[in-house]
1. Determine which single condition GLY55 fails, assuming it passes every other condition in (1) free of Cβ contacts under 8 Å to residues at least 12 places away in the same chain; (2) of a type in the set (Gly, Ala, Ser); (3) in contact with a Lys or Arg (Cβ under 7 Å, 6 or more places away or on another chain).
2. What's the total number of residues in region 28-37 that are in a helix (DSSP H, G or I) and surrounded by fewer than 19 Cβ atoms within 10 Å (Cβ to Cβ)?
3. For the condition of a type in the set (Ser, Thr, Tyr), modelled with pLDDT under 95 and either in a helix (DSSP H, G or I) or open to solvent by less than 60 Å² (accessible area, probe 1.4 Å) (or both), what is the one hit in THR243, THR232?
4. Out of curiosity, is GLU78 open to solvent by 70 Å² or more (accessible area, probe 1.4 Å), charged (D, E, K, R), more than 30 Å from ALA164 (Cα to Cα) and not in a loop (DSSP other than H, G, I, E, B)?
5. Kindly evaluate TYR96 against the criterion of being touching a strand residue (DSSP E or B) at 6+ places or on another chain (Cβ under 8 Å) and modelled with pLDDT of 90 or more.
6. Got at least one residue in region 112-120 being under 20 Å from ALA239 (Cβ atoms), in contact (Cβ under 8 Å) with a residue 40 or more places away in the chain and in a strand (DSSP E or B)?
7. Please pick out the residue among THR152, THR102, THR144 that is open to solvent by less than 40 Å² (accessible area, probe 1.4 Å) and either polar (S, T, N, Q) or not in a strand (DSSP E or B) (or both).
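The values are calculated or read from the model by the stated rules, or taken from the named source; none is laboratory data. Computed from a predicted model, the values in this text were never measured in an experiment. Virtual Cβ from ideal backbone geometry, glycine too; neighbours counted across all protein chains shown. The area values use the complete protein model at the heavy-atom level, side chains included, leaving out ligands, DNA and RNA. Shrake-Rupley method; radii C 1.70, N 1.55, O 1.52, S 1.80 Å.
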Amino acid sequence: MSDLYWLTDEQMARLSPYFPKSHGKPRVDDRRVLSGIIFVNRNGLRWRDAPREYGPHKTLYNRWQRWGEMGVFGRMMEGLSAQRAEPQTVMIDATYLKAHRTASSLGGKKGGLGRLIGRTRGGMNTKLRAVTDANGRPLSFFITAGQISDYTGAAALLDDLPKAQWMLSDRGYDAEWFRDALEQKGITPCIPGLKSRSFPVKYYKRRNRIEIMFGRLKDWRRVATRYDRCPTVFFSALALEATVLFWL
């Protein structure tokens with residue numbers, strides 16, 4: 001098939017430091033398997049529908065599950081973004097991701113976080129919150145159920161903020177505690193005030209870059225529509241896509 005996706009040698013060289021060590025029997029071709037995983041996630045395929053050029057679909061699925069549980073895909077994004085980001089200005093925002101019926105069961109393991117899927121006016125959704133650098137490239141993600149407030153996501157992402165000079169966001173993040181927390185980190189908030197008050201919004205026009213980033217993420221069908229019940233598996237898809245689109 002002419003439209004298959006293949007990682008280049010240069011891209012593999014950047015990713016290979018984050019691969020887990022092989023114990024015992026050597027792994028099959030990493031380039032072939034990882035390229036197949038990316039193809040399946042980008043096109044929203046069932047694993048059994050993966051093209052035969054990528055090898056047995058069970059090999060793709062098992063590698064995807066095992067590396068996802070180990071946090072390999074998250075480390076890829078974190079490591080590459082730390083090397084190449086331009087965090088003088090950072091941005092924060094959120095978007096909704098539609099949950100497919102196969103993922104929208106609200107139950108979960110007892111004592112766990114649940115599915116991180118909630119009911120909103122648009123139906124069953126997961127809410128993705130992101131922090132990006134000045135060019136709109138993602139630095140960190142946080143997912144919650146769709147009905148959870150933006151303030152909850154902002155509080156969760158505070159500890160992961162890099163050293164920056166400016167923070168850009170929309171007026172949904174206009175809260176005194178959030179402004180104070182940013183200033184304590186040495187970050188100047190660039191957040192429009194609610195109608196009852198006004199604040200300077202220098203550099204605010206750059207915020208469209210985070211909106212463009214969300215749009216590019218949603219080009220991958222397995223991200224735009226959440227098929228996976230397990231939030232850890234879904235988060236792995238987000239991290240892998242962000243790595244391929246923005247950091248390779």
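1. (1)
2. Keep residues of region 28-37 that are in a helix (DSSP H, G or I), which gives 30-37.
Imposing the further condition that a residue be surrounded by fewer than 19 Cβ atoms within 10 Å (Cβ to Cβ) reduces the set to 30-32.
Residues meeting the conditions: 3.
3. THR232
4. no
5. On the way: touching a strand residue (DSSP E or B) at 6+ places or on another chain (Cβ under 8 Å): yes; modelled with pLDDT of 90 or more: yes.
Yes.
6. Within region 112-120, not a single residue is under 20 Å from ALA239 (Cβ atoms), in contact (Cβ under 8 Å) with a residue 40 or more places away in the chain and in a strand (DSSP E or B).
7. None of the others qualify; the one that does is THR144.
Per-residue answers, yes or no, for (1) open to solvent by less than 20 Å² (accessible area, probe 1.4 Å); (2) within 14 Å of LEU248 (Cα to Cα); (3) among the hydroxyl-bearing types (Ser, Thr, Tyr):
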| site | (1), (2), (3) |
| --- | --- |
| PRO17 | no, yes, no |
| PRO26 | no, no, no |
| VAL40 | yes, no, no |
| PRO51 | yes, no, no |
| ARG63 | yes, no, no |
| TRP67 | yes, no, no |
